[in-house]
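The values are calculated or read from the model by the stated rules, or taken from the named source; none is laboratory data. Fair warning: this is a prediction, and the values are worked out from it, not measured in the lab. All Cβ positions, even for glycine, are placed from backbone atoms using ideal geometry, and neighbour counts span all protein chains on display.
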């Protein structure tokens, strides 16, 4: 049995995988501002075996949904989403910060604690009725993920799920995604 293997739950999540991810993901106190506990996934990605296990678990979830496209949110969602799309043999769509895409695009705004930010995808990236999963590294307040969901739906795509490596449950991001299935591999409560 390989390191960290255990009984699989739906979507490839195992208790061992969650524990291994939490050990690997670095917590940086007071970054980017006092009182914030930043979850740094670069320490996960430098571990090739664990990174592969996380990617496979999220790809298993996506395969359950039978999807046409994976949308990855800039920038860390590209790191997570592109390998999933590759494993599945489906298209990868980057959801970029406003002003970064060169062709016709659709946009959506979302709130940050210090203002508004825009997210865009090319207007020809998703066709009517295509099944899409939105992927990012971390679910916090849910604003960015909701903006990505709105973009997919503006183009006629059907969001069949959202997938994350980690989730800060105490920030209530799932609430902004009510009515949509959300999968995360490692969940943090406020005390962790």
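Overview of values
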read-out: Of residues in segment 132-178 being over 16 Å from the mean Cα position of the chain (by Cα) and buried (at least 17 other Cβ atoms within 10 Å of the Cβ), the one farthest from residue 84 (Cα to Cα); value: 155
read-out: Per-region count, segment 26-53, residues under 28 Å from residue 101 (Cα atoms) and outside any strand (DSSP E or B); value: 4
read-out: Candidate set from segment 30-67 (those that are surrounded by 19 or more Cβ atoms within 10 Å (Cβ to Cβ) and over 16 Å from residue 186 (Cβ atoms)); member that is farthest from the chain's Cα centre (by Cα); value: 67
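This table checks each residue for (1) in a helix (DSSP H, G or I); (2) out of contact with any strand residue (DSSP E or B) (no Cβ under 7 Å at 6 or more places or on another chain); (3) over 17 Å from residue 183 (Cβ atoms); (4) at pLDDT below 95.
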residue: 4; (1), (2), (3), (4): no, yes, yes, yes
residue: 18; (1), (2), (3), (4): yes, no, no, no
residue: 55; (1), (2), (3), (4): yes, yes, no, no
residue: 59; (1), (2), (3), (4): yes, yes, no, no
residue: 77; (1), (2), (3), (4): yes, no, no, no
residue: 80; (1), (2), (3), (4): yes, no, no, no
residue: 83; (1), (2), (3), (4): yes, yes, no, no
